[in-house]
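Heads up, the thing below is written out as structure tokens.
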Amino acid sequence: MIKIIAEIGFNHQGDLKLAIEMIKAAANAGAHAIKFQTYRAADLALPSAPHYQAIHGGEMNLRHHLELAKAAHDCGVEFLSTPFSPWAIDILEKVGVPAYKVASMDCTNKYILGFIAETKKPIYLSTGMATLSEISEILCYLSEVKSGPVTLLHCMSLYPAEAKDLNLATIPYLKELFGVPVGYSDHYPGIKACLAAAMLGAEVIETHF
């Protein structure tokens with residue numbers, strides 16, 4: 001079975017009612033998990049940055065996370081989130097997430113990955129900003145620190161990605177090269193790229209919702 005993760009991110013913009021509606025819709029559509037993003041805007045950008053207010057509106061505290069995790073549980077789907085700091089990992093440990101999704105921007109971030117590795121939980125690791133040698137190095141690092149099992153997610157860090165840039169043949173290549181499960185994190189409009197990724201052996205598909 002291919003695991004389908006519906007990426008909600010911070011599209012709720014701090015509106016918990018909307019976030020819960022999105023969880024229910026994703027569950028009704030057949031997703032196995034929903035995924036948010038856990039962060040404090042000040043950890044990611046200066047207040048003067050053009051995107052600061054946008055991401056600030058999507059901040060969630062522990063209470064918010066617990067409410068959304070309960071909503072996901074009630075819908076029969078896993079609650080996942082991408083942490084962007086040790087603070088975020090602490091929040092998600094209190095919530096009790098079953099696994100961690102790591103964004104492409106942190107694929108080679110041993111500082112963040114070290115904290116995640118300590119939890120021993122499965123890791124979904126997007127590779128959109130990493131070279132093959134960097135992927136090899138970070139897999140060796142995670143093995144050395146005895147992290148939980150790693151699934152690589154082939155990803156193009158383009159929003160939206162174009163068909164000519166998807167390079168989905170990388171999916172079986174990564175699986176053969178590194179000997180770990182490989183999935184696909186999708187930024188392509190529609191479902192065609194996800195279907196193609198499934199045909200090429202993706203074991204996990206994360207798609208924006």
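The values are calculated or read from the model by the stated rules, or taken from the named source; none is laboratory data. Remember, predicted model here, so these are calculated numbers, not experimental data. Glycine gets a Cβ as well: all are built from the backbone with ideal geometry, and neighbour counts include every protein chain shown. Each accessible area value is taken on the protein alone, full model and side chains, heavy atoms only, with ligands, DNA and RNA left out. Shrake-Rupley method; radii C 1.70, N 1.55, O 1.52, S 1.80 Å.
One table, with the values for the structure above:
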{"read-out": "Filtered residues of region 47-85 (kept if open to solvent by 60 Å² or more (accessible area, probe 1.4 Å) and farther than 18 Å from Lys17 by Cβ)", "value": "Pro47, Ser48, Pro50, His51, Gln53, His56, Gly76, Glu78"}
{"read-out": "Selection from region 186-204 of residues that are open to solvent by less than 20 Å² (accessible area, probe 1.4 Å) and touching a residue at least 60 places away in the same chain (Cβ under 8 Å)", "value": "Ala202, Val204"}
{"read-out": "Ser48 being in a loop (DSSP other than H, G, I, E, B) and either in contact with a His (Cβ under 6 Å, 6 or more places away or on another chain) or among the small types (Gly, Ala, Ser) (or both)", "value": "yes"}
{"read-out": "Which listed residue, of Lys24, Lys35, is within 18 Å of Glu206 (Cβ to Cβ), at pLDDT 95 or above and charged (D, E, K, R)", "value": "Lys35"}
{"read-out": "Unmet requirement for Thr151, which otherwise passes all of (1) open to solvent by 30 Å² or more (accessible area, probe 1.4 Å); (2) within 19 Å of Val102 (Cα to Cα)", "value": "(1)"}
{"read-out": "Criterion violated by Asp165 - all others in (1) among the charged types (D, E, K, R); (2) in contact with a Leu (Cβ under 7 Å, 6 or more places away or on another chain); (3) surrounded by 15 or more Cβ atoms within 10 Å (Cβ to Cβ) satisfied", "value": "(3)"}
{"read-out": "Whichever residue in region 123-147 is more than 16 Å from Asp106 (Cβ to Cβ) and in contact (Cβ under 8 Å) with a residue 12 or more places away in the chain and, among such residues, is most open to solvent (accessible area, probe 1.4 Å)", "value": "Lys146"}
{"read-out": "Search result, residues across region 1-40 that are part of a strand (DSSP E or B) and open to solvent by less than 20 Å² (accessible area, probe 1.4 Å)", "value": "Ile5, Ala6, Glu7, Ile8, Gly9, Ala33, Ile34, Lys35, Phe36, Thr38"}
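The rows are residues; the columns are (1) in a loop (DSSP other than H, G, I, E, B); (2) out of contact with any helix residue (DSSP H, G or I) (no Cβ under 9 Å at 6 or more places or on another chain); (3) among the aromatic types (Phe, Trp, Tyr).
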{"residue": "Ile135", "(1), (2), (3)": "no, no, no"}
{"residue": "Cys140", "(1), (2), (3)": "no, yes, no"}
{"residue": "Ser157", "(1), (2), (3)": "yes, no, no"}
{"residue": "Leu174", "(1), (2), (3)": "no, no, no"}
{"residue": "Leu177", "(1), (2), (3)": "no, no, no"}
{"residue": "Ala193", "(1), (2), (3)": "no, no, no"}
{"residue": "Ala202", "(1), (2), (3)": "yes, no, no"}
{"residue": "Ile205", "(1), (2), (3)": "no, no, no"}
